[in-house]
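Report on the following structure.
Derivation of every value follows stated rules applied to the coordinates shown; laboratory data play no part. Computed from a prediction, not measured in an experiment: that's the story for all the values here. Positions of Cβ are backbone-derived with ideal geometry, glycine not excepted, and every protein chain shown enters the neighbour counts.
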Amino acid sequence: MVPNPDAYRRFRRTINAVLLALVIYDVVLSSTCLIWPETWYRLIHGAPYIDPQGLLLRTGAVWAAFSLFQLIAGKKWEVQPLWLTMVAGIRLTEVFSDWTYLYVADNITTFGWAGLFIKPPMNVFLGWYFISAYRRAHVEFASELNPAEGR
């Protein structure tokens, strides 16, 4: 089967746009947790920042790692498509955390509830999306990828 160059360009553009959006999203989340934790508590909990064990800072560091690995994936996936599955795994690690957070947190604002409620299905979708993209890269666009570069 001869690959369609327009289809590959659309595929490439979509993957890069989704990865960029996720990097920006996770930079905002991690920055808020790490630099402005009071803002996080106000927006999500409507309560003063009290976190004696530093769990919010830990969460911010995790999201900073998400940003880093998604940024690397954005630069490397065409040479090493396995990075797409790494992003899938990163997104899937959070599938249960936000609904657990909703269940155990004492105070949640409407904004916080909405954000925490939508994230698990979003992460399941993103996990599926990046696994499918990895498969598509190997099946449909293998000849378009250049494995010789960047090794």
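Per residue of the chain, the DSSP helices (runs of n ≥ 4 H) give a summed -39500 (n - 2.57) that works out to -23500 deg cm²/dmol at 222 nm. Here L43, L34 are placed in order of increasing Cβ neighbour count within 10 Å, fewest first, which gives L43, L34. Of the residues Q53, A73, F96, the one whose Cα sits farthest towards the positive end of the charge dipole of the stretch 5-139 is A73 (charges of +1 on Lys and Arg Cβ, -1 on Asp and Glu Cβ, taken about the Cα centre).
Labels on offer are (i) 15.5; (ii) 16.8; (iii) 16.4, and the one holding Kirkwood radius over Cα pairs in Å computed from this structure is (ii). Here the 3J(HN,Hα) profile of the stretch 35-50, calculated from phi with Karplus coefficients 6.51, -1.76 and 1.60 at θ = phi - 60°, is 9, 10, x, 4, 5, 4, 5, 5, 6, 8, 10, x, 9, x, 6, 9 Hz, Gly and Pro shown as x. For the chain, the dipole from Cβ point charges (+1 on Lys and Arg, -1 on Asp and Glu) about the Cα centre works out to 420 debye, to the nearest 20. Each of R135 and R13 was given a label point 7 Å from its Cα along the Cα-to-Cβ line. The distance between the two points is 2.5 nm.
Over the stretch 5-139, Cα pairs under 8 Å with separation of 6+ residues give a relative contact order of 26 percent. The trypsin sites (Lys or Arg not before Pro) found in the stretch 1-30 include none that occupy coil by DSSP while having at most 15 further C-beta atoms within 10 Å.
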